[in-house]
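Written out below as structure tokens is the structure these notes cover.
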Amino acid sequence: MKKLLVFTAFCLFSLTAQSQKNFGKLLVGIETGFDVSQFTDGLKPRFIPGIQVEAPIGRFALRVGFARKIFHEYQYYTFTGQTIERIENEKPVTYFLADAHAFRPAYWSVPVSVQYRVHSCHCVFLHAGVAFDFFSDSPPERIVFRNAEVNYQPYDRLERTQLFKKTTRNYELGIGFNLFANDFFRVLARPSVVWSENPEIYTDDPEYLPTLRMTFGAQYAFFRHRGRR
């Protein structure tokens, strides 16, 4: 948190000189986010690339986007139908033979947010939003290990939707800065705190996973205000 406060203060005082007021009526851009810190256990995304459209209204701006949320690799087991018995502490113990499957879970995400530019140069803004995520069953899967010995009987077959929720929601609060801006193009940075609904179904982790997320983006103004070149 101390690093975040230092970064915020630096941006407030050092980036104002090269920033400028709101320069477009309709902005289109790309951005990518990644979690730099996680406050609880749970599955978190590796990165979140996406596109977004922004419509400024005075100091406010309404934003909607479309993104791909890609998680770290996830593993699960399926039963092969075979068992093996071993003697442990002079007692027979049954183990179930299972195949270990691995894939990278992914969600299509539709973020909706509002921003408010608090500085007269429009170079600093507050950000609040919600994202609606929809599970994607397209990532390829591989078997990383065959005939693993486990002490419980896994399912013979599992659908990915039995492991992950079909839809989730995420809530975000943050502050953003213009890192660079001219008459039609700008580069943004946005540190934020995100509360993500846990996508796993079978887990003891919390229902919502708070993380510190860093997002970088670039925007182009398609319809600029009159008087700007």
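Tabulated results
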read-out	value
All positions within the range 138-155 that are out of contact with any Asp or Glu (no Cβ under 8 Å at 6 or more places or on another chain) and either of a type in the set (Lys, Arg) or surrounded by 16 or more Cβ atoms within 10 Å (Cβ to Cβ) (or both)	Arg142, Pro154
Phe96 being in contact (Cβ under 8 Å) with a residue 24 or more places away in the chain, surrounded by 13 or more Cβ atoms within 10 Å (Cβ to Cβ) and touching a helix residue (DSSP H, G or I) at 6+ places or on another chain (Cβ under 8 Å)	no
From the options Thr215, Thr161, residue that is part of a strand (DSSP E or B) and among the hydroxyl-bearing types (Ser, Thr, Tyr)	Thr215
Lone unmet requirement of (1) in contact with a strand residue (DSSP E or B) (Cβ under 9 Å, 6 or more places away or on another chain); (2) farther than 22 Å from Lys69 by Cβ; (3) free of Cβ contacts under 8 Å to residues at least 40 places away in the same chain for Asn89	(1)
Some residue of the range 172-187 being of a type in the set (S, T, N, Q), in a strand (DSSP E or B) and within 19 Å of Phe34 (Cβ to Cβ)	no
Residue match in the range 117-140 (condition: over 30 Å from Leu212 (Cβ atoms) and in contact with a strand residue (DSSP E or B) (Cβ under 6 Å, 6 or more places away or on another chain))	no
Complete set of residues in the range 101-137 that are more than 15 Å from Pro49 (Cα to Cα), among the polar types (S, T, N, Q) and in contact with an Asp or Glu (Cβ under 9 Å, 6 or more places away or on another chain)	Ser113, Gln115
Search result, residues across the range 71-117 that are more than 23 Å from Ile30 (Cα to Cα) and among the β-branched types (Val, Ile, Thr)	Thr78, Thr80, Thr83, Ile84, Ile87, Val93, Thr94
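Conditions (1) crowded, with 17+ Cβ neighbours inside 10 Å; (2) over 23 Å from Ala106 (Cβ atoms), marked per residue:
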position	(1), (2)
Phe164	yes, no
Gly176	yes, yes
Asn182	no, yes
Arg186	yes, yes
Ser196	yes, no
Tyr220	no, yes
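Just so you know, all these numbers are worked out from the coordinates, no wet-lab data involved. Everything numeric in this text was worked out from a predicted model, so none of it was measured. FYI the Cβ positions are ideal-geometry reconstructions off the backbone, even for glycines, and counts take in every protein chain you see.
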